[in-house]
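Have a look at the structure below, then the notes.
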Amino acid sequence: MSTTPAPVPSTREAVIIGGNRIPFSRAGKKYVRTSNQDMFTAALEGLVARFGLQGERLGEVVGGAVLKHSKNFNLVRESVLGSSLAPTTPAYDVQQACATGLEAAIAVTNKIKLGQIESAIAGGTDTVSDAPIVVSDRLRAALLDANHAKTTGAKVKALLQIRPKDLAPATPSTGEPRTHLSMGEHQAITTAKWGISREAQDEIAFNSHQNLARAWESGFFDDLVTPYKGLTRDDNLRADTSLEKLAKLRPVFGAKLDDAATMTAGNSTPLTDGASAVLFASREWAEERELPILAKFVDAETAAVDFVHGHEGLLMAPVAAVPRLLARQGLTLEDIDFFEIHEAFASTVLTTLAAWEDEEYCRTELGLDGAFGKVDRSRLNVNGSSLAAGHPFAATGGRIIATAAKLVSAKARETGQPARALISVCAAGGLGAVALVESV
């Protein structure tokens, strides 16, 4: 494997103007029977209102959902049509599991950099509370046969094939199709392989809740979140949690492994509903409208790992993507002011950090001369992350980008020096997307 950076072509900047999301809510609570389209439209409308975009024709709106009804084949376009944006604004759906929101941002910023569009919104939405329920394969086949039948007799014959057991619905699953293991069970294997302790995982979870609570109290999210359906803050947040409370929770993943199970509901993200959106543009488009510019979306990288044959952990792809990204930009971990590493599980963050600090792993798996480096923990998820806020799969990228942009903007104003944030999102399928955001 080579990390020799390819030349970076000269393009114009894609800047981040701001973001908006609705408060994230645990599945089965505030957003029960609220659709993906409802939530994404609400996130869009909040962004439109915040930056006076009513009637504006944007270059594109791009986003998606991981759990999506078939009726939502044009989810993002329908959301645009339900918003105050001009109906002449193009839109399309993307899907890359938990990296959907970040991948949407990569797509639109590349078009802005190339001069193909001047402005765009990227984001995502996901609901577990309104997840699609599908019928069994036998029932589906019988219904299709009946629909295709030319005579009444043929229709009746097709329907008579249905048995009572065929009526049981098939609920959606987040299990990997090729291993039939859940994401949590996959991560439990990786956690054991790297020897990540229960105490270290609980500390990550505790810090996430403390940091998110402090950020809410300081007003950091006042211009990043729009209240929705009576909810004004993320309802997964547990400001009063403690290491002692977290230590009492029973493990929920890894029970069948030889090593002691360490992953609990407290150090794993809960199933969550929510939506987010981020406004990007060329500098010229933003300045013409006198809109604020928080940061620029500098560069991005994606990666994949072979988890199917057990060579690598399911959620370890960002470990490979980040060294390639930073090498291309001539940067090291020491040049990063903020690390926004998605907390799919606390141990996902810890195994990522452990891998980068391991000389043998970095030589054999990443093609580096030695250890990639050590992340300054004081710069890690300083305003909390998915363990505390929750993780509506496709909406997480937008939440993180908006947070990162605001953090580097504030840091640059405070110090008078450029500030950078590194974003890392792991995803199902052994995928990962990472990005670099820098103050302007």
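No value in this document is a laboratory result; all are computed from the given coordinates. Because the structure is a prediction, the values reported are computed rather than measured. Note that we place each Cβ from the backbone using ideal geometry, even for glycine, and neighbour counts take in every protein chain shown.
Loop-only check: which GluC sites (Glu not before Pro) in the range 260-312 are DSSP coil with at most 12 other Cβ within 10 angstrom?
Sparse-neighbourhood loop GluC sites (Glu not before Pro): GLU290.
Give the peptides 173-182, 381-390 in descending order of average Cβ contacts within 10 Å, highest first.
Numbers: 173-182: 13.3, 381-390: 26.4.
Highest to lowest by the protection proxy: 381-390, 173-182.
Counting alpha carbon pairs within less than 8 Å and at least 6 residues apart, what relative contact order, in whole percent, applies to the range 1-155? Present the calculation step by step, with values, prior to reporting the outcome.
Working: 220 pairs, mean separation 43.4, N = 155.
Relative contact order of the range 1-155: 28 percent.
Please list, in order along the range 76-81, the HN-Hα scalar couplings obtained from phi with the Karplus expression 6.51 cos²θ - 1.76 cosθ + 1.60 (θ = phi - 60°), rounded to whole Hz, x for Gly and Pro.
After applying 6.51 cos²θ - 1.76 cosθ + 1.60, I find 6, 4, 5, 5, 4, 5 Hz.
Taking springs between alpha-carbon atoms closer than 10 angstrom, which of PRO292, PRO270, PRO392 fluctuates most in the Gaussian network model of the chain?
PRO292
Students often check this: by mean Cβ neighbours within 10 Å, which of 339-347, 109-117, 43-51 ranks highest, and how do the rest follow?
Descending packing order for the listed peptides: 339-347, 43-51, 109-117.
Per residue of the chain, what 222 nm ellipticity follows from adding -39500 (n - 2.57) for every DSSP H run with n ≥ 4, rounded to the nearest 500?
Here the helix-only value at 222 nm equals -10500 deg cm²/dmol.
What does the C-alpha gyration tensor say about the overall shape of the range 217-332? Classify as rounded when a/c is under 1.5, otherwise prolate if a/b is larger than b/c, or oblate.
Because a/c hits 1.5 or more and a/b fails to exceed b/c, the range 217-332 counts as oblate.
Compute the relative contact order of the chain as a whole-number percentage, counting only Cα pairs closer than 8 Å that sit 6 or more residues apart in sequence.
27
Relative contact order, percent, of the range 349-417 when contacts are C-alpha pairs under 8 Å separated by at least 6 residues?
17
Return the equivalent ellipsoid semi-axes of the range 291-429 as a descending list in whole Å, where each equals the square root of 5 times an eigenvalue of the C-alpha gyration tensor.
Equivalent ellipsoid of the range 291-429: 25, 18, 13 Å, largest first.
Which lysines does LYS296 reach when only Cα atoms under 27 Å apart count, and residues fewer than 8 places away in its own chain are ignored?
Counting by Cα, and skipping residues close in sequence, LYS296 has these lysines nearby: LYS111, LYS113, LYS374, LYS406, LYS411.
For the chain, just say rounded, prolate or oblate: build the C-alpha gyration tensor, square-root its eigenvalues into a ≥ b ≥ c, call rounded for a/c under 1.5, and beyond that prolate if a/b exceeds b/c, oblate if not.
oblate
How large is the charge dipole for the chain, taken about the Cα centre, if only the Cβ atoms of Lys, Arg (+1) and Asp, Glu (-1) carry charge, to the nearest 20 debye?
Numbers: 45 positive and 51 negative charges, 343 e Å.
Once rounded to the nearest 20, the dipole reads 1640 debye.
Say a paramagnetic label sat at a point 7 Å from the Cα of ARG178, along Cα to Cβ; which residues of the range 286-308 have their backbone N under 14 Å from it?
Only 304-308 pass the distance filter.
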